[in-house]
Structure formats: structure tokens, C-alpha cells
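Quick one: structure below, then a few questions.
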Amino acid sequence: MAAELPIPVYTSLTDVLGDLQTASVQASRWNDVVEEFEKRFGKKPAYIARAPGRVNLIGDHIDYVLFGCLPAAVEQDILFACGPSSQASAGSVAAHNLNPKFAPQNFTPMLKSAPIPSATEQKEAEKAVNAESWDLDINTKELRWESYVKAGYYGVLNHFFPPSSNERPVPIDILVTGSVPAGSGLSSSAAMVVASTLSFLAVNNKLGELTKGQLVEMAMENEQRVGVNSGGMDQAASVISMPSSALYITFFPFLHAEPILLPVLRTNPRAVFVCANSLVVSDKAVGAKTRYNLRVVETLAGARILARHLNVPLQPTERPPLRIVLGRWLGYTETKGQPSELDTDKLKDGLKKVLAEVEKLRPAGRADGEELGLTMEEMIKESGLDKKTFYEVYLSWVEVEATHFQIYKRVKHVFEESLRVIEFRAACLRAADAAQTPDGALPESVLRELGDLMDTSHESSSKTLENSCPEVDELVRIAKEAGAYGSRVTGAGWGGCTVSLVAEDKVDAFIEHLVAHYPAYKGLEGEALKQVIFATKPSSGACVLKLE
Ligand code: NG1
């Protein structure tokens, strides 16, 4: 199984990048980072850790409610050249970035006494009286580049260098470079955290002690140190992806990743996924309380309200996401360690069944299409909890701001989008079978089916989840006009990238059409244009190149 594999360590760039052609195109970038490392630190790096960004083909805003999604790693990646430093004290870090915008940083992990536990935590903490923990002083108020380096270090310190042991990490020099555009929905943050985690593991000789799945869990935990409540799709895609494949990632009852071959990329008629950056920077942290975090709260509160309608009993203090409420309603037990997720056919039937019930959440007396949603008071009343408990369970840990909460719309998006992911996966599997037939041809209907699913997904993002923006909607409209089979916003939304499925022989005309019609692309050409519109080639997941 993909998640159980060891983390790959290679000694040649061709093995890292999968083929000679890609390796020769990329070689100068890798050489530059080695040369610059030598100039800055006086010796060659021992390793280069690579972690790719990802594009989510379908399944947005459903990972944090534990439904499966379908991302693929992109070629754009983050590289961390690194090696042990001979000059500094135990565990210290000199982190440089090839981009002059990001100033060099030096830091050393400090041991801090653990905070005094609250009464309820007392019992658990009894074992850890007087315990110390590692502190890297991450500034979560400001977006700082080195926070991602520090975040990667935390997991390695906590898992491999407990303060109680005598073993201490080696000092390390790091030089970072990256080609994943920040704030574009292609997950540069997850790629940074994964590459950072890998560097500290490599230099401390701990790579062999983790599987890919364990690295994903560590990277998820690490990324939360930067203050982002992320769902896990990005880290899994960056670590576990395979060439020519998307990854069907499910999170319940535990992380599972199934590579889904994308024959549309290999068999005639060929098609490619093209990413186009709307150039609206989507800063998740800044708008979190009215955007990303609000969606998290709306879907969680929606799960409780739906459970009430479905007569699924919940403890007052639990906060199960929609996937768990659906599972309980369908009578699926949820012991951790169960062999697998509900099989996709049963999940699909369950989703269809529950969608009929979701209609009961539509706010009464309001005209179709004019959803006002629920006020805070109405939402609390619908939850069946008293005000104090509701605040404690759903609002005490996160800041959100809204006059109306769109419970019906968000729940509807989650279930419908989850259904589309399952249908997209099934179409890819059918296409893979068709590609095995003697003529190996792919019916064009498969491309149309995938495209339609992408279109309805975007429609839902735009109108039901409301995580698009006018520029992204416009880019999607232009992409369709230019002949894309389908086009949609990808990632968190409110800006960032779109992903479109385009016939390979029409890609150049497609790009020309976008440049001519999307106002922010006016005058862009050459390298600058390649940075904002590019056909993605699903790449392999994170790995380490060993240089000595
Ligand atoms: P982006 O902003 O594209 O990295 C975010 C979340 C994902 C997922 C998507 C929406 C983080 C780090 N990632 O992705 O987990 O929820 O939005 O599908 O917050």
C-alpha cells in the first residue's frame, strides 16, 4: 500500500525525476542550488530534499470533514539543500533562501518547561510533571518564511529527540529554493513543511525510521504549528503521489491513499490538466474568520444539526464531522484500526440517500436561491445544545465572523462534492480498463464525463460553498469558452488557481485564448506567462537525493 512504503532516497537525479528528459531540463536548477550552498556554507550539501506542490483535481473543502479527495502532485516543487554544520552548537539551524526577498535566519531549539495543565488535563499530565518541551518560537501572527522550516523541525525534535533522552540533533545548514507559487492553491506551504521535515530527518540519519504515511502524519502535525487548521490532503499528495496518477486520499477511519492512473494523459485522445493562476492572492490566514475557518465551523455545526434530523444521537461535547455522522447513520462502526473506508459503492449509495435528507435543512420560508442562512441564535437552537455548550464545542477554539451561517448550502456542497469525487475516480478506473483493450483508445465520452464533473464542482464552489471570487469565475468561463472539457477552482479558493481539462492538441490555442481574454494576463509572455499558466504533469511524491 502506497502509504506504507519507505521514504525514497536516491543517488541520481534521473531517479528523482523519473526520466532522463525531465532530469536534463531540471538539472541546472539542482546544480545552482548545490553551487550556491557551497558558496554560502563552504562545503557541498549532503542531501537535497524535494517536495512537490499539488493540484486538487476534484474534492474541495471536504478533506477536513474526512471525505476523500483526488489531488495530484505537480512538477513545481520546493528544494531544501542541507548538510550538517561543523561550526555551530547542537541542533542549531542556519536557514538561507535563494530568493533574496527572504533574509537568512539562524535559530536554535530551546527547552521550555511544559505549561501548567488545566484541571481537566491534570490526570493525563500527571505522568509529565516537570516535563520540558522543545520550543522554536514560531511567530503565528505574521507570515514568515522560516516558520515553515521551524514547523518541519518540531516533529523531528519531538519524535526523535525527546528532552529526556541524551541524544541531541546535529547542527544543520539549509538552502531553500522553490517553484510553487505562494497563495495560489497549489500548496506551497505543505511542500515547504514536507521538505523541511525531510531535511531534518536526513541530516539526523532518521529517514529509514518512517513510512510515507508516518511522514504525512508528522507533516500535518508540523503544519498546524504555523497556525493553519489544514485537512491533510496537501501533505498526503506531496508525499505519496506517483507519476501519471492522481491520488484518491481518504481520511476515515485512517489515512489511506490509492494511486489512480490517469489514462487521459497517456492514451489517445490525450488530454492534460492545465493550471491557470487568477493572480488574486488568496491569503488563507488573513481572511480565515470569514472564509476558511467559517466553512470549517459551518460544516461541523451542520453535522450536528443533520445528526438531529437523522436521529443519530451525539454526546453534547463531541464534534463529529459530516463523514462520521454519515457513517453512524449508515450503521458503520468506527473503531480506529478498521481495515478500510466504507467501500466506494456503499459510500456512494449512502451519499445519495443522505442528500435527500439534507433538503430538511433548507431554511424554511425562504425563496429558492435566496438563502439567508441561519442567525447564530437560530443555528444554536437547531443544534439542540444550550448556548454555553455550543460556544464551548464549536466556537471556543476558532475565530469566525458571520451574520448568517449557511448550514444547508455547506452540507449540500460537501455531500455532492464527495459524490463527484467517487464518480471521477470511477471514470478514471473505467478509462484505465479501456486503455488495456487491443486498440487502447479512450472514448472521448470519458473526457466529457470528467469535464462535466469538474464544471458542476465549480458551480457548487461558486454558488453553494461560496469559495470562488469574480476573477476565478471569469477565468473558468473563459477556459470553457476556449474549449476546456471542464474547469474549476482548485484549493482553498477566494483566488488562486483554476484547473482545466484540455485536449492536448488544443493546449496552445487554449493558452492563447486565456491570454487574450483574461485581463490580468494582458502583456504576459515567455517565462512570466509560463509561471501563471502551465500544463501539469502529475509528478512523484517527496524524496531525498543523497549527494555523498
Ligand atoms: P490550499 O489553500 O490550496 O493549500 C486548503 C487546505 C486543504 C483543503 C483545501 C480545500 C491548508 C494548508 N490546506 O488548501 O487541506 O481543505 O484548502 O480543499 O489549509
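Name the residue that is surrounded by the fewest Cβ atoms within 10 Å (Cβ to Cβ), counting only residues in the stretch 9-65 that are more than 19 Å from H96 (Cα to Cα) and aromatic (F, W, Y).
Y10
Which of (1) in contact with a Phe, Trp or Tyr (Cβ under 9 Å, 6 or more places away or on another chain); (2) assigned to a helix (DSSP H, G or I); (3) surrounded by fewer than 24 Cβ atoms within 10 Å (Cβ to Cβ) is the odd one out, the single condition A195 does not satisfy?
(3)
Here's something else I'd like to know. Working only within the stretch 47-87, note down all residues that are small (G, A, S) and either in a strand (DSSP E or B) or within 24 Å of V544 (Cα to Cα) (or both).
Result: A49, A51, G53, A72, A73, A81, G83, S85, S86.
Let me ask something additional. When only residues in the stretch 88-112 that are of a type in the set (S, T, N, Q) and more than 24 Å from N158 (Cα to Cα) count, which is surrounded by the fewest Cβ atoms within 10 Å (Cβ to Cβ)?
The selected residue is N99.
Looking at this structure, is S189 more than 9 Å from the ligand (Cβ to nearest atom) and either over 16 Å from the mean Cα position of the chain (by Cα) or closer than 19 Å to I48 by Cα (or both)?
It is false that S189 is more than 9 Å from the ligand (Cβ to nearest atom) and either over 16 Å from the mean Cα position of the chain (by Cα) or closer than 19 Å to I48 by Cα (or both).
Let me ask something additional. Go through (1) under 30 Å from V239 (Cα atoms); (2) assigned to a loop (DSSP other than H, G, I, E, B); (3) hydrophobic (A, V, I, L, M, F, W, C); (4) over 20 Å from the mean Cα position of the chain (by Cα) one by one and return the number of the condition A492 breaks.
(4)
Give me the helices (runs of 4 or more DSSP H) completely within the stretch 341-456, filtered to those with at least 2 residues that are modelled with pLDDT under 95, ordered by residue number.
Passing ranges, in order: 344-358, 407-435.
Select from the stretch 214-228 the residues that are within 10 Å of the ligand (Cβ to nearest atom) and assigned to a helix (DSSP H, G or I) and write down the one among them that is modelled with the lowest pLDDT.
Q224
What are the residues in the stretch 17-68 that are under 29 Å from the mean Cα position of the chain (by Cα) and of a type in the set (F, W, Y), if any?
Passing the criteria: W30, Y47, Y64, F67.
Here's another thing I want to ask about it. Here is a check on your reading of the model: is T456 of a type in the set (V, I, T) and under 30 Å from N293 (Cβ atoms)?
Yes: the conditions hold for T456.
To continue, here is another question. Could you please find all residues in the stretch 486-509 being away from the ligand (no atom under 16 Å from the Cβ), surrounded by 23 or more Cβ atoms within 10 Å (Cβ to Cβ) and not small (G, A, S)?
L501, V502
Q531 is checked against (1) within 24 Å of V411 (Cα to Cα); (2) in contact (Cβ under 8 Å) with a residue 40 or more places away in the chain; (3) of a type in the set (S, T, N, Q) and fails just one. What number does that condition carry?
Of everything listed in (1) within 24 Å of V411 (Cα to Cα); (2) in contact (Cβ under 8 Å) with a residue 40 or more places away in the chain; (3) of a type in the set (S, T, N, Q), Q531 misses just condition (1).
Sticking with this structure for a sec: Going through T211, T290, T299, T250 one at a time, which residue ends up being of a type outside the set (A, V, I, L, M, F, W, C), within 16 Å of the ligand (Cβ to nearest atom) and surrounded by fewer than 21 Cβ atoms within 10 Å (Cβ to Cβ)?
So the residue among T211, T290, T299, T250 that is of a type outside the set (A, V, I, L, M, F, W, C), within 16 Å of the ligand (Cβ to nearest atom) and surrounded by fewer than 21 Cβ atoms within 10 Å (Cβ to Cβ) is T290.
Results for (1) closer than 18 Å to F273 by Cα; (2) touching a helix residue (DSSP H, G or I) at 6+ places or on another chain (Cβ under 8 Å); (3) part of a helix (DSSP H, G or I); (4) at pLDDT below 95, shown as yes or no for each residue.
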position: S500; (1), (2), (3), (4): yes, yes, no, no
position: D505; (1), (2), (3), (4): yes, no, yes, yes
position: H513; (1), (2), (3), (4): yes, yes, yes, no
position: L529; (1), (2), (3), (4): yes, yes, yes, yes
position: P538; (1), (2), (3), (4): yes, yes, no, yes
position: V544; (1), (2), (3), (4): no, yes, no, no
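Still on this structure: Sort through V239, V180, V149 and tell me the only one that's surrounded by 19 or more Cβ atoms within 10 Å (Cβ to Cβ), in a helix (DSSP H, G or I), in contact (Cβ under 8 Å) with a residue 24 or more places away in the chain and in contact with a Leu (Cβ under 6 Å, 6 or more places away or on another chain).
V239
What is the number of the single condition among (1) farther than 17 Å from L247 by Cα; (2) near the ligand (Cβ under 10 Å from one of its atoms) that V55 does not meet?
(1)
The values are calculated or read from the model by the stated rules, or taken from the named source; none is laboratory data. Note that the coordinates shown come from a computational prediction; the quantities given were computed from them, not determined experimentally. For neighbour counting, all protein chains shown are included, and Cβ atoms are generated from backbone atoms with ideal geometry for every residue, glycine included.
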